[in-house]
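J.: Please read through the structure below; I'll follow up with questions.
The values are calculated or read from the model by the stated rules, or taken from the named source; none is laboratory data. Quick caveat: nothing in here was measured; it's all calculated off a predicted structure. Cβ sites come from the backbone with ideal geometry, for glycine too, and all protein chains shown count toward neighbours. Just so you know, the surface numbers come from the protein's heavy atoms only, side chains and all, with ligands and any DNA or RNA stripped out. Shrake-Rupley method; radii C 1.70, N 1.55, O 1.52, S 1.80 Å.
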Amino acid sequence: MFSLISKERRQSRAFVAFVIYISLYLDNMLLTVIVPILPDYLVHFYSNTNATIIIPKSVMYKHFDLHYVPKLMGATSGHVSLNNLTTTDQSIPLESENGSIGILLAVKALVQLLFNPIVGNVSTKIGYSIPISFGTFNLLLASMIFAFGQSYASLFIARAIHGVGSACICVCGMSLVAQLYTEPDKRSRIMGTIMGSIAVGVLVGYPFGGIAYDILGKAAPFHILSILCLVILLTQFYSLDFVTRHKTSSIVSGDERSKWWPLLTNKMILIIIGGIWISTSAMSILEPCLPLWMMNVLHPKKWQLGTVFIPDSVGYWIGTNFFGGIAYKFGQIKIAILAVTSVGISCIIIPSATTVLGLLLPHFGLGLGIGVIDAALIPLLATIVDNQCTSDNESDICESTPNYGAVYAIQQIAVSLAYSLAPIVGGELVPLIGFSWLMRIIGILNLMYGPFLVYFGTKEPVCNMMHKQCGIPLTLPDLSSSEGGYKRFYNTVE
């Protein structure tokens, strides 16, 4: 009886999609749960110094990745004061530690950037289930190190391990969902819903970390996260298929370039990846730079610094959960054009706000635009691979079933680049051109990207990814026919 239930669970793609959803949720929850706890860690590391412990503003505004700055600035503990952040760098005793703390905060995204292509290659040999469980185990290990670590080195190692886990879960999780849901309408809707777990994890991580830290101590949130990771890890062992992908020796020993080069030279893939990268960069630049601008211009209350980013997370959740099916129905390219326009306009409006309340609408528009772009374009990457496999069954990326690992590794590389490099670039440009012009420029760049999507969505034929037969358009069957098809994935804007 148990074996029958187990078999049914393994064959239930809805249950597997739920497992992927929770895995991504825990990944992003671990990313943000440390935010309100981080000041205490920093105070502890330098508690032996005689000088007052002050967190350098250059560290906070130039080296932060995903959602760290607003809560850290809003949090105060012991010797860490919000007012101290307005002091100049010359009066900061910890100035010599800027580099080491910056590395600590950026190492997760940098490690994830490094491991994305590695995971993409490994998934072609062993499938998606093993890397997903390995990534979840890394989340468990990182949580335990965060809980018991008492040194800078321990936090550095935990963040690096978290980066490895994120690469495994993000690349192979989305690849497995794309493999399970071959129907274009369901794939678009389910992938959008699963991406919504990112916003949920971000939203829950902040208050969970702060409340658990206040009541139970700094190790308690990570103990709880460790238990949750262990539960989902056991669930993965129960629900995922761990049969290793068997391949011929010629494929195993083949040139890895044959798997990546066709993807990296496909114009449609590049334009999609570019859209994801430039929209994500808007948020990753905004997060480390906005709080300082708010302090200088809007003079907000401390709690407002910690909540101003909530509308973008809510907007992202709405975009990913509700616009996957809409994008499929009305055209993914069309919806992506509207979304990137929303991102551009929101970026331009943000510096014009005169009150904190005036930031809520453009923040919501920014998060909504990014969420819609992800919900529209990320499923499209899987469909490009599907179409290639239909036209060229002998390709290395098309075995018994299409292999999506490489294309989603490329997508995750774009996201990791945005969150690791854009905050640093933004932090350097703000003193030169000012926050207002920085946001206007990134907004204009997003608006200018719309015509690229228009051109490649209407004029550029779908290239054969192995042989580059770009002069031959791909004829896709009409969805109204009894056989179904993929027409709406490469919709025009006519």
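J.: Based on this model, can you work out whether residue 143 counts as part of a helix (DSSP H, G or I), under 20 Å from residue 234 (Cα atoms) and of a type in the set (Ser, Thr, Tyr)? Don't jump to the end; show me each part of the working.
T.: Numbers: part of a helix (DSSP H, G or I): yes; under 20 Å from residue 234 (Cα atoms): yes; of a type in the set (Ser, Thr, Tyr): yes.
Judged against the criteria, residue 143 is a match.
J.: Being at pLDDT below 90 and either assigned to a helix (DSSP H, G or I) or over 22 Å from the mean Cα position of the chain (by Cα) (or both), is that true of even one residue in region 440-449? Write out each step before concluding.
T.: Filtering region 440-449 for residues at pLDDT below 90 gives none.
No, that holds for no residue.
J.: Let me ask another. Any idea which of 109, 160, 142, 178 is aliphatic (A, V, I, L, M), within 17 Å of residue 27 (Cα to Cα) and touching a Phe, Trp or Tyr at 6+ places or on another chain (Cβ under 6 Å)?
T.: Working: 160 fails: touching a Phe, Trp or Tyr at 6+ places or on another chain (Cβ under 6 Å); 142 fails: touching a Phe, Trp or Tyr at 6+ places or on another chain (Cβ under 6 Å); 178 fails: within 17 Å of residue 27 (Cα to Cα).
Exactly one residue qualifies, and that residue is 109.
J.: Out of all the residues in region 290-311, which are open to solvent by less than 10 Å² (accessible area, probe 1.4 Å) and closer than 14 Å to residue 350 by Cβ?
T.: Matches in region 290-311: 290, 291, 294, 308, 309.
J.: Sort through 349, 345, 333 and tell me the only one that's more than 18 Å from the chain's Cα centre (by Cα) and under 16 Å from residue 276 (Cα atoms). Can you show your working first?
T.: Working: 349 fails: under 16 Å from residue 276 (Cα atoms); 345 fails: under 16 Å from residue 276 (Cα atoms).
Unique residue meeting the criteria: 333.
J.: Let me ask something additional. Show me the helices (runs of 4 or more DSSP H) entirely contained within region 158-269 in which 1 or more residues are modelled with pLDDT of 85 or more.
T.: It comes to 184-216, 220-239.
J.: Considering only residues that are of a type in the set (Val, Ile, Thr) and open to solvent by less than 40 Å² (accessible area, probe 1.4 Å), look in region 400-429 and name the one that is nearest to residue 287 (Cα to Cα). I'd like the intermediate steps shown before the answer.
T.: From region 400-429, those of a type in the set (Val, Ile, Thr) are 401, 407, 410, 413, 415, 424-425; that's our starting set.
Checking which are open to solvent by less than 40 Å² (accessible area, probe 1.4 Å) leaves us with 407, 410, 415.
Values: 407: 28, 410: 24, 415: 15 Å.
By that ranking, first place goes to 415.
J.: For region 343-371, give me each residue that is open to solvent by 10 Å² or more (accessible area, probe 1.4 Å), part of a helix (DSSP H, G or I) and β-branched (Val, Ile, Thr).
T.: Correct list: 345, 348, 349, 370.
J.: Let me ask something else about it. Could you figure out which of (1) in contact with a helix residue (DSSP H, G or I) (Cβ under 6 Å, 6 or more places away or on another chain); (2) touching a residue at least 24 places away in the same chain (Cβ under 8 Å) isn't true of residue 362?
T.: Here residue 362 meets the rest and fails (2).
J.: Just to be sure I understand, how many residues within region 10-21 are in contact (Cβ under 8 Å) with a residue 12 or more places away in the chain and open to solvent by 40 Å² or more (accessible area, probe 1.4 Å)? Spell out the reasoning first.
T.: Of the residues in region 10-21, the ones in contact (Cβ under 8 Å) with a residue 12 or more places away in the chain are 10, 12-13, 15-17, 19-21.
Then keep just the ones that are open to solvent by 40 Å² or more (accessible area, probe 1.4 Å); that gives 10, 13, 15, 21.
Matching residues across region 10-21 total 4.
J.: Is there any pair linking a residue in region 333-344 that is under 15 Å from residue 367 (Cβ atoms) and at pLDDT 95 or above to one that is outside any helix (DSSP H, G or I) and among the aliphatic types (A, V, I, L, M), with Cβ under 6 Å and at least six apart or on different chains, and which?
T.: If the second residue must be outside any helix (DSSP H, G or I) and among the aliphatic types (A, V, I, L, M), no pairs are left.
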